[in-house]
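Here's the structure, in structure tokens; my notes come after.
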Amino acid sequence: MSEIRLAAEARTEFGKGAARRARRAGLVPGVVYGHGHAPVHLNLPGHDLMMALKTPNALLVVPIEGKDEYVLPKAVQREAIKRTIEHVDLLLVKRGEKVTVEVPVHTEGELAAGGNLLEHVLNALPVEAEATHLPEAVTVSIEGLEAGASVLAKDIVLPKGVSLAVEADAVVLQVIGAQAPEAAEAAEGETAEA
């Protein structure tokens with residue numbers, strides 16, 4: 001995973017008024033915490049931050065007290081209607097440190113014929129990896145899976161240096177058989193009568 005550098009400036013004003021002024025100037029208030037350090041309050045460039053957060057588990061590099069530090073987004077607060085970023089919490093990480101993150105699960109291939117449905121029990125797989133080598137996603141082949149089949153966490157091939165942070169027998173994907181048209185009509189009839 002590549003590092004994304006963001007310009008940041010220390011925040012000296014706090015409260016709603018200061019946050020609103022920062023947002024009007026195109027900045028996003030944020031806080032960096034971790035490793036026993038006192039929280040550091042920053043203003044980050046809004047557009048650059050939004051683009052960086054489009055990558056899952058983006059590894060960001062921000063200047064803190066004159067030194068470039070690695071941070072991971074921990075919590076992002078968005079405005080309800082416009083979906084703009086209102087505030088971001090960042091976790092300080094060190095090179096070589098293992099962190100637990102959720103990685104999106106992507107699928108490839110086609111299910112067996114018969115109108116089966118694929119259910120994502122886990123949309124993201126919890127994994128543990130080095131902070132500077134986080135995978136962007138894991139890909140699972142569903143080629144030819146029949147109704148009733150499931151893919152467990154232990155069945156997913158992970159990149160080197162990445163381990164599961166969830167039980168090995170946790171169901172990630174499962175294939176559900178298509179309902180017969182008569183059964184679907186009967187179920188509709190029962191709900192209409194109720």
Report task. Considering (1) closer than 23 Å to VAL166 by Cβ; (2) open to solvent by 50 Å² or more (accessible area, probe 1.4 Å), say which one VAL93 fails and leave the rest. Result -> (2)
Query - Conditions (1) within 26 Å of GLU97 (Cβ to Cβ); (2) touching a helix residue (DSSP H, G or I) at 6+ places or on another chain (Cβ under 9 Å); (3) aliphatic (A, V, I, L, M); number of the one not met by LEU27 - result: (1)
Requested in this report: Within the range 1-13, track down each residue that is open to solvent by 70 Å² or more (accessible area, probe 1.4 Å) and either at pLDDT below 80 or on the phi > 0 side of the Ramachandran plot (or both).
Outcome: SER2, GLU3, THR12, GLU13
Query raised in the report: Of the residues that sit in the range 1-12 and are in contact with a helix residue (DSSP H, G or I) (Cβ under 8 Å, 6 or more places away or on another chain) and part of a loop (DSSP other than H, G, I, E, B), which one is nearest to VAL162 (Cα to Cα)?
Result: LEU6
**Report entry** Leading residue by the ranking (nearest to GLY115 (Cα to Cα)) among those in the range 148-162 that are in a strand (DSSP E or B) and open to solvent by less than 50 Å² (accessible area, probe 1.4 Å)
**Finding:** VAL151
Query raised in the report: Taking the range 43-80 as the search range and keeping residues that are of a type in the set (A, V, I, L, M, F, W, C) and free of Cβ contacts under 8 Å to residues at least 40 places away in the same chain, which one is nearest to ALA129 (Cα to Cα)?
Result: VAL71
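Looking for something open to solvent by less than 20 Å² (accessible area, probe 1.4 Å), among the β-branched types (Val, Ile, Thr), closer than 25 Å to LEU53 by Cβ and modelled with pLDDT under 85 - is there at least one such residue anywhere in the range 165-181?
No; the residues of the range 165-181 include none that is open to solvent by less than 20 Å² (accessible area, probe 1.4 Å), among the β-branched types (Val, Ile, Thr), closer than 25 Å to LEU53 by Cβ and modelled with pLDDT under 85.
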Query raised in the report: Name the residues in the range 13-25 that are without any contact (Cβ under 8 Å) to a residue 24 or more places away in the chain and either under 23 Å from the mean Cα position of the chain (by Cα) or in a loop (DSSP other than H, G, I, E, B) (or both), would you?
Result: GLU13, GLY15, ALA25
Query - Positions within the range 128-147 being open to solvent by 30 Å² or more (accessible area, probe 1.4 Å) and without any contact (Cβ under 8 Å) to a residue 40 or more places away in the chain, in sequence order - result: GLU128, GLU130, THR139, SER141, GLU143, GLY144, LEU145, GLU146, ALA147
Query raised in the report: Which ones in the range 74-90 are under 15 Å from the mean Cα position of the chain (by Cα), open to solvent by 80 Å² or more (accessible area, probe 1.4 Å) and not basic (Lys, Arg)?
Result: GLN77
Report summary line: When every residue in the range 29-73 that is of a type in the set (Ser, Thr, Tyr) and part of a strand (DSSP E or B) is compared, the one least open to solvent (accessible area, probe 1.4 Å) is TYR70
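The values are calculated or read from the model by the stated rules, or taken from the named source; none is laboratory data. Being a predicted model, the structure only gives us computed values, none of them experimental. For neighbour counting, all protein chains shown are included, and Cβ atoms are generated from backbone atoms with ideal geometry for every residue, glycine included. Ligands, DNA and RNA are stripped out before the accessible areas are found, and what is left, the full protein with its side chains, is counted by its heavy atoms. Shrake-Rupley method; radii C 1.70, N 1.55, O 1.52, S 1.80 Å.
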